[in-house]
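These notes concern the structure reproduced below.
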Amino acid sequence: MKQVFATRPLAALPVALAAATVFFPLSVRSAPVRGRVDAPRPPQMDGILGYTKTRVAGPSSALKDLRADVAVFLKVETSLPIPKPDQNSSVAVQGMRLVPDVATCAVDGRVTFTNLDPEAVTVRVGDVELRLAPEASQDFECTAGDALRSVRVKEWPHIRGLVFVGEVGVAGTLDARGAFNLSAPDGKYELEVVTRDGVIARRPLEVKGSTVDLGAIDLAAPAEDPAGEETP
């Protein structure tokens with residue numbers, strides 16, 4: 001990835017320094033990057049329970065949370081400097097699960113873990129342990145290294161999640177409709193769709209000062225390789 005900086009001579013300084021060139025970030029204006037991730041849903045099913053035939057008209061309440069298992073990351077290929085995010089990604093321990101159970105962050109960013117359950121828990125992210133009393137929060141520092149950091153709750157081994165640590169870029173989550181709305185300066189990027197299995201979809205894009213609408217990204221469709229061609 002590459003971030004671009006502007007240069008100019010320091011004419012106001014003494015002659016000995018006037019020829020020096022100093023790098024400084026431009027005042028960067030960002031544009032929205034939005035879209036929607038369509039997570040695959042199981043088809044309607046007929047089932048027989050005892051003597052009663054029951055039709056499942058749609059996904060169960062557990063399946064309605066499927067998009068909580070998906071996050072997005074806007075990876076920089078070439079761009080102006082990325083502004084520091086206004087807030088950290090966040091994950092809660094709530095109701096014997098992680099909400100959401102997938103989070104993304106850039107190197108040097110943070111993910112805030114909060115315990116909303118009535119008992120203290122120990123959250124392990126990669127090799128880092130966070131001891132959380134009820135209602136307490138701690139930040140996980142997203143350092144360089146493996147992109148995929150597993151998340152476990154020591155007291156409840158069935159609770160699992162993932163923190164995806166990208167390089168330079170913008171982290172994002174999905175709303176209840178599966179939509180995301182990121183902000184990025186002009187440049188070339190790759191949108192990465194992340195689940196607990198890692199990056200499962202990629203979409204190249206370019207920001208040129210106006211809104212980029214990627215439309216629907218169908219996770220049930222054939223995967224695309226980095227060149228944008230469908231793989232068999």
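For every residue, the table says whether it meets (1) closer than 17 Å to residue 78 by Cα; (2) modelled with pLDDT of 95 or more.
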{"residue": "125", "(1), (2)": "no, yes"}
{"residue": "156", "(1), (2)": "no, no"}
{"residue": "171", "(1), (2)": "yes, no"}
{"residue": "176", "(1), (2)": "no, no"}
{"residue": "179", "(1), (2)": "no, no"}
{"residue": "189", "(1), (2)": "yes, no"}
{"residue": "192", "(1), (2)": "yes, no"}
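Taken over the range 135-166, the criterion of being within 12 Å of the chain's Cα centre (by Cα) and farther than 30 Å from residue 120 by Cβ is satisfied by 166 alone. With respect to (1) charged (D, E, K, R); (2) open to solvent by less than 20 Å² (accessible area, probe 1.4 Å); (3) in contact with a helix residue (DSSP H, G or I) (Cβ under 7 Å, 6 or more places away or on another chain), the lone exception for residue 192 is condition (3). Criterion applied to 131, 152 was being open to solvent by 30 Å² or more (accessible area, probe 1.4 Å), touching a residue at least 12 places away in the same chain (Cβ under 8 Å), in a strand (DSSP E or B) and not acidic (Asp, Glu), and the one residue passing it is 152. Only a single item in (1) open to solvent by 30 Å² or more (accessible area, probe 1.4 Å); (2) under 18 Å from residue 203 (Cβ atoms) is not met by residue 178, and it is number (1). The residue that is modelled with the highest pLDDT, counting only those in the range 60-95 that are among the hydroxyl-bearing types (Ser, Thr, Tyr), assigned to a strand (DSSP E or B) and surrounded by fewer than 21 Cβ atoms within 10 Å (Cβ to Cβ), is 90. Within the range 196-220, residues that are under 14 Å from residue 71 (Cα atoms) reach partners that are open to solvent by 70 Å² or more (accessible area, probe 1.4 Å) and not in a strand (DSSP E or B) with beta carbons closer than 7 Å, at six or more positions or on different chains, in the pairs 202/226.
The values are calculated or read from the model by the stated rules, or taken from the named source; none is laboratory data. This one's a predicted model, so the numbers in the text were calculated from it and none came from an experiment. Because the Cβ atoms are built from the backbone with ideal geometry, glycine has one as well, and the counts that use them run over all protein chains shown. Note: accessible area is taken over every heavy atom of the protein model, side chains too, but ligands, DNA and RNA are not part of it. Shrake-Rupley method; radii C 1.70, N 1.55, O 1.52, S 1.80 Å.
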